[in-house]
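Remarks on the structure that follows.
The values are calculated or read from the model by the stated rules, or taken from the named source; none is laboratory data. What you are looking at is a predicted structure, and each value in this text was computed from that prediction instead of being measured. Using ideal geometry, Cβ is built from the backbone for each residue, glycine included, and neighbour counts are taken over all protein chains shown.
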């Protein structure tokens, strides 16, 4: 999974969270996703490769990537691996 794919997903999540104006926590979450997208967009390392080589701890060390965002990246990478395995076995 390329960084720019993750950026696109995070920007979409941020946009959708901004539509929910009732809960102040959603605005905080939306900003967190947007900030993470900005950071990821400018990274010189691949997040998928970083995660696969060094685990979630390596993602947590990246500026503006907290534990919740790291877990989402982990989820995306693992889902992509599962999809690839399904495609390969069919």
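Assess whether residue 80 counts as being in a helix (DSSP H, G or I) and touching a residue at least 60 places away in the same chain (Cβ under 8 Å). Considered against the rule, which asks whether it is in a helix (DSSP H, G or I) and touching a residue at least 60 places away in the same chain (Cβ under 8 Å), residue 80 comes out as yes. Taking the criterion of being surrounded by 13 or more Cβ atoms within 10 Å (Cβ to Cβ) and part of a helix (DSSP H, G or I), the residues of the range 53-70 that qualify are 56, 58, 59, 60, 69, 70.
A single entry from 37, 30 fulfils the requirement of being buried (at least 18 other Cβ atoms within 10 Å of the Cβ), modelled with pLDDT under 95 and part of a helix (DSSP H, G or I): 30. Considering the range 1-27 alone, what residues qualify as being closer than 18 Å to residue 76 by Cα, touching a helix residue (DSSP H, G or I) at 6+ places or on another chain (Cβ under 6 Å) and in a helix (DSSP H, G or I)? Answer for the range 1-27, where residues must be closer than 18 Å to residue 76 by Cα, touching a helix residue (DSSP H, G or I) at 6+ places or on another chain (Cβ under 6 Å) and in a helix (DSSP H, G or I): 3, 6, 7, 10, 11, 13, 14.
For the range 40-52, taking the residues that are touching a helix residue (DSSP H, G or I) at 6+ places or on another chain (Cβ under 9 Å), part of a helix (DSSP H, G or I) and without any contact (Cβ under 8 Å) to a residue 40 or more places away in the chain, the one that is farthest from residue 82 (Cα to Cα) is identified as 41.
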